[in-house]
1. Among ARG98, ARG188, ARG305, what is the fewest-to-most ranking by other Cβ atoms within 10 Å?
2. Placing unit charges on C-beta atoms (Lys and Arg positive, Asp and Glu negative, everything else neutral), compute the dipole magnitude of the chain about its Cα centre in debye, rounded to 20.
3. Applying 1/(1 + (r/R0)^6) with R0 = 35 Å to the Cβ-Cβ distance of ARG219 and ARG127, what FRET efficiency is obtained, to the nearest 0.05?
4. What does the net charge come to around LYS230 if you take all other residues with beta carbon closer than 11 Å to its beta carbon, with K and R at +1 and D and E at -1?
5. Taking R0 as 41 Å, what's the FRET efficiency between GLU48 and VAL184 from their Cβ-Cβ distance, rounded to 0.05?
6. When the label point is put 7 Å from the Cα of ASP97 along its Cα-to-beta-carbon vector, which residues of the range 237-257 have a backbone N closer than 20 Å?
7. To the nearest Å, what is the center-to-center distance of the range 102-119 and the range 25-44, using C-alpha atoms only?
8. Would you list VAL184, VAL170 from fewest to most Cβ contacts within 10 Å?
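Read-outs throughout are calculated quantities, based only on the coordinates presented, and are distinct from any laboratory measurement. Owing to the predicted nature of the structure, the values given are computational and were not obtained by experimental measurement. Cβ: placed from backbone, ideal geometry, glycine included. Neighbour counts: every protein chain shown.
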Amino acid sequence: MEKTKVLIIGSGPAGYTAGIYASRANLSPLIYEGDQPGGQLTQTTEIENFPGYPEGIQGPDMMNEFRNQAERFGAKIVSRTIESVDFYKYPFVCKDDRGEEIEAESVIISTGASAKYLGLADEDKYRGLGVSACATCDGFFYRKKVVAVVGGGDTACEEAIYLSTLAKKVYLIVRKDYLRASDVMQRRVRERDNIEILFNTNTRGLFGEDGVEGAVLVRNLGKENEEEFKIDIDGFFLAIGHKPNTDIFKGQIDLDEEGYIKVKGATTHTNIPGVFAAGDCADPRYRQAVCAAGTGCRAALDAERFLMERDEM
Ligand code: NDP
């Protein structure tokens, strides 16, 4: 059985940063990369808001640099996925997708979150070609263009407001006849002249030659007055929520009702001593790479301190 002082589960900015810090602290961490090495950023194109890259950098390239930096200091990176954990035992026992067990004195969970998509085939077809689930990441590419945001919650309103400062026009596609977002967000949306809210509207598909050129929408879906229509857009943004990748931790650590890992105050401590959480799996609010990297650093420092205090006991 493989044994480690620090097992890092997940390999986005949080996991790799934890790996950099833990390896520099001589803890020889093991990073299990999971089935999407590099995490969500490998799905985006150019990243222009991560400090230190004034010219911008491609998401996959940035994640490669994080990875190389972790390896340089001795982190061992394993291209496998952790499929189950037992935090009731100590040392903790985790099992990978080949059924092999790893015994860990501390665990850093950095499994990230995944944006929810509508499930349309066209979302895959045009991903990176006009379909995005992150206005903060990709909005800049739609200056003076026309975009649509799907969703009626705070995220959708926030993204629509952000995009309205860049784009010529923003459609907000809302499936119900009201916005679920807080009053203040709703007011801000309504104050923007270039945001048009399409209530009672669902998306049926997207069209375009080499990228998104428009969307096929349906008003009053399933009702007598159902009506299909098209809008011309350059970008299609999903803002219908995120799902933290925490299914394997259910029943093992405290999660909130959305599945995000609960951490104590400004630390990365979960309710299980020796298990820490970093990045989007514990962050329903900010979801930015730079924030994830910051919590990855904190998790490694928390793990280091945990191991030191345990050894002193
Ligand atoms: P929410 O779950 O609050 O909203 C999701 C929205 O997407 C809803 O309008 C929902 O519609 C819609 N939706 C879901 N599935 C589909 C679908 N298949 N087709 C069409 N529409 C769909 O998620 P958010 O990400 O907006 O917010 C998550 C949490 O984060 C909330 O608690 C929010 O308050 C908070 N937040 C706070 C912010 C702030 O305070 N500044 C900013 C961002 C988030 P329906 O209403 O019909 O279910």
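1. ARG98, ARG305, ARG188
2. With only Lys, Arg, Asp and Glu charged at Cβ, the dipole is about 560 debye.
3. 0.85
4. Neighbour charge sum, excluding LYS230 itself: -2.
5. 0.90
6. 243-250
7. Computed from Cα coordinates, the inter-centre distance equals 10 Å.
8. So the ranking, lowest neighbour count to highest, is VAL184, VAL170.
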